[in-house]
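Data first, discussion second: the structure below is written as structure tokens.
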């Protein structure tokens with residue numbers, strides 16, 4: 001294969017890399033970087049979004065290192081859209097003194113996302129994880145004027161490097177016992193005989209690495225500090241793009257590569273394998289995330305513990321398995337990512353205007369900006385899973401797929417834990433809404449909130465998407481289901 005053919009098939013990644021270099025050059029050579037860099041980045045991402053539409057439907061390069069399929073192309077587009085809606089948040093964040101460098105790092109993180117979702121080979125997946133991780137560490141610590149940003153970046157880096165070590169050790173064990181790093185070939189090797197102890201260790205260590213990426217308990221300790229201390233755009237991208245890509249890759253690894261070592265998480269027929277391990281992580285994440293979120297007074301920290309619980313919900317689809325379960329996971333993680341970016345966009349406006357993002361800073365928000373208050377209620381109620389918002393259908397799709405999985409409703413116990421967690425989460429989401437709509441407007445704030453045009457457009461588009469996907473969920477759900485092999 002020629003290099004030109006390779007560049008053609010890797011066109012989305014190539015375009016984003018070139019855009020990142022162009023943005024970095026503009027940021028270093030002009031004084032109008034704050035205005036030009038977001039425009040160039042948005043144009044580059046928009047071009048990359050259109051590129052998968054003209055690529056072949058199917059292609060497989062270098063034993064799965066680059067795989068083009070309807071599923072991979074769809075989630076490359078979703079990851080690029082999440083990066084695109086993060087760009088306006090970065091341009092409106094005045095504390096970021098080097099916008100060109102910041103947006104360039106954001107674009108390189110988007111390349112890492114595309115490498116993750118576009119590969120079915122463990123080494124390339126690890127390279128994508130590291131490119132994404134290094135970008136996110138820098139983004140978390142980018143605000144030099146805030147000591148909490150440095151703390152967030154350091155904690156994220158320390159936990160992330162430890163998780164990467166676990167992942168790499170796990171991959172080495174899997175390779176040593178199977179003789180390959182391609183997921184499809186690993187699945188065939190595992191199906192040929194019983195799972196050896198070293199292979200089981202490799203599977204568990206690989207799962208631990210990905211449990212960190214999705215902030216599943218007890219590997220979630222980095223999330224509260226990263227969500228609270230990182231700049232708003234960084235927290236939004238960490239909470240959205242990295243979650244989407246991680247769940248896509250985790251689903252491929254366990255449902256394709258480790259499928260013969262599935263085991264069973266059914267309450268009446270527990271069997272050793274990755275399924276009961278993920279079931280325990282899901283239950284622990286749902287319970288710990290929701291109960292600790294009840295005690296939070298900072299909205300960003302509350303959303304971090306909420307993210308731990310949502311990671312537990314999303315695992316239900318992978319544990320259920322099959323096309324129904326995996327498509328439910330992919331649909332839920334996509335709408336969750338869109339919802340959370342919208343919530344962080346509003347938090348960014350409130351933080352700029354009031355100087356903080358604690359609950360007291362949201363007091364009486366409806367009097368200062370009915371638009372922001374209404375949009376925040378859409379996002380929070382969608383996270384709570386209330387109709388007719390996208391979060392309701394996402395949870396319904398997930399819980400019903402888990403309920404139907406296995407024989408004799410074996411995952412009913414896990415569905416019951418998830419339903420209980422959803423009821424608990426409704427309380428702390430309503431606490432935030434109570435402060436927004438019933439709380440008194442602080443006397444120190446005399447005027448309304450004048451959010452910039454790009455932030456307002458971003459919030460409007462995201463809120464409309466949450467409403468639209470709640471009313472017509474089949475628009476995305478059917479597309480995801482049809483793209484699965």
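If you filter region 220-247 down to residues that are touching a helix residue (DSSP H, G or I) at 6+ places or on another chain (Cβ under 6 Å) and part of a loop (DSSP other than H, G, I, E, B), you find that the one that is nearest to residue 283 (Cα to Cα) is 220. Test residue 36 against the criterion of being more than 21 Å from residue 245 (Cβ to Cβ), surrounded by fewer than 24 Cβ atoms within 10 Å (Cβ to Cβ), in the same structural domain as residue 13 (by TED's automatic domain parsing) and free of Cβ contacts under 8 Å to residues at least 60 places away in the same chain, and give yes or no. Yes, satisfied. All conditions but one from (1) in contact with a helix residue (DSSP H, G or I) (Cβ under 8 Å, 6 or more places away or on another chain); (2) modelled with pLDDT of 90 or more apply to residue 196; the one that does not is (2). Residue pairs whose Cβ atoms lie under 6 Å apart, separated by 6 or more positions or on different chains, with the first residue in region 356-371 and in the same structural domain as residue 146 (by TED's automatic domain parsing) and the second part of a loop (DSSP other than H, G, I, E, B) and at pLDDT 90 or above, do not occur.
Consider residue 44 carefully, then state whether it is at positive phi and in contact with a helix residue (DSSP H, G or I) (Cβ under 9 Å, 6 or more places away or on another chain).
no
Is it true that residue 191 is surrounded by 20 or more Cβ atoms within 10 Å (Cβ to Cβ) and in contact with a helix residue (DSSP H, G or I) (Cβ under 8 Å, 6 or more places away or on another chain)? In short, no. Inclusion of residue 116 among residues that are closer than 29 Å to residue 256 by Cα and either touching a residue at least 12 places away in the same chain (Cβ under 8 Å) or buried (at least 23 other Cβ atoms within 10 Å of the Cβ) (or both) is warranted.
Residue by residue through region 382-394, note down the ones that are in a helix (DSSP H, G or I) and surrounded by 22 or more Cβ atoms within 10 Å (Cβ to Cβ).
Scanning region 382-394 gives 382, 383, 390, 391, 393, 394.
Could you say which residue among 444, 460 is at pLDDT below 95, farther than 30 Å from residue 281 by Cα and outside any helix (DSSP H, G or I)? Exactly one residue qualifies, and that residue is 444. The one condition from (1) in contact with a strand residue (DSSP E or B) (Cβ under 8 Å, 6 or more places away or on another chain); (2) farther than 16 Å from residue 50 by Cα that residue 102 does not meet is (1). Hey, any hits in region 82-94 for a residue that's out of contact with any helix residue (DSSP H, G or I) (no Cβ under 8 Å at 6 or more places or on another chain) and in contact (Cβ under 8 Å) with a residue 40 or more places away in the chain? Within region 82-94, not a single residue is out of contact with any helix residue (DSSP H, G or I) (no Cβ under 8 Å at 6 or more places or on another chain) and in contact (Cβ under 8 Å) with a residue 40 or more places away in the chain.
In this structure, does residue 252 turn out to be within 17 Å of the chain's Cα centre (by Cα) and closer than 27 Å to residue 149 by Cβ?
For residue 252, the condition - within 17 Å of the chain's Cα centre (by Cα) and closer than 27 Å to residue 149 by Cβ - is not met.
Results for (1) buried (at least 20 other Cβ atoms within 10 Å of the Cβ); (2) touching a strand residue (DSSP E or B) at 6+ places or on another chain (Cβ under 7 Å); (3) closer than 21 Å to residue 246 by Cα; (4) not assigned by TED's automatic domain parsing to the domain that holds residue 131, shown as yes or no for each residue.
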| site | (1), (2), (3), (4) |
| --- | --- |
| 151 | no, no, no, no |
| 162 | no, no, yes, no |
| 165 | no, no, yes, no |
| 170 | yes, no, yes, no |
| 181 | yes, yes, yes, no |
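When each of 455, 451 is tested for being at pLDDT below 95, buried (at least 19 other Cβ atoms within 10 Å of the Cβ), within 24 Å of residue 42 (Cβ to Cβ) and more than 23 Å from the chain's Cα centre (by Cα), the lone residue that passes is 451. Among the residues of region 262-281, those identified as crowded, with 21+ Cβ neighbours inside 10 Å and assigned to a helix (DSSP H, G or I) are 274, 275, 278, 279, 281. Taking (1) assigned to a helix (DSSP H, G or I); (2) more than 20 Å from the chain's Cα centre (by Cα); (3) closer than 29 Å to residue 351 by Cα in turn, residue 86 satisfies each apart from (2). Exactly one residue among 326, 371 is over 19 Å from the mean Cα position of the chain (by Cα), part of a helix (DSSP H, G or I) and farther than 21 Å from residue 287 by Cα, and that residue is 371.
Which one of these is crowded, with 21+ Cβ neighbours inside 10 Å and part of a helix (DSSP H, G or I): 67, 17, 23?
Testing whether each residue is crowded, with 21+ Cβ neighbours inside 10 Å and part of a helix (DSSP H, G or I) leaves just 23.
Got a sec? Which of 282, 230, 239, 215 is at positive phi and under 17 Å from the mean Cα position of the chain (by Cα)? Among 282, 230, 239, 215, only 215 is at positive phi and under 17 Å from the mean Cα position of the chain (by Cα). If you filter region 406-417 down to residues that are in contact (Cβ under 8 Å) with a residue 60 or more places away in the chain and surrounded by fewer than 24 Cβ atoms within 10 Å (Cβ to Cβ), you find that the one that is nearest to residue 330 (Cα to Cα) is 415.
The values are calculated or read from the model by the stated rules, or taken from the named source; none is laboratory data. Remember, predicted model here, so these are calculated numbers, not experimental data. Don't worry about glycine lacking a Cβ; one is built from the backbone with ideal geometry, like all the others, and counts go over all protein chains shown.
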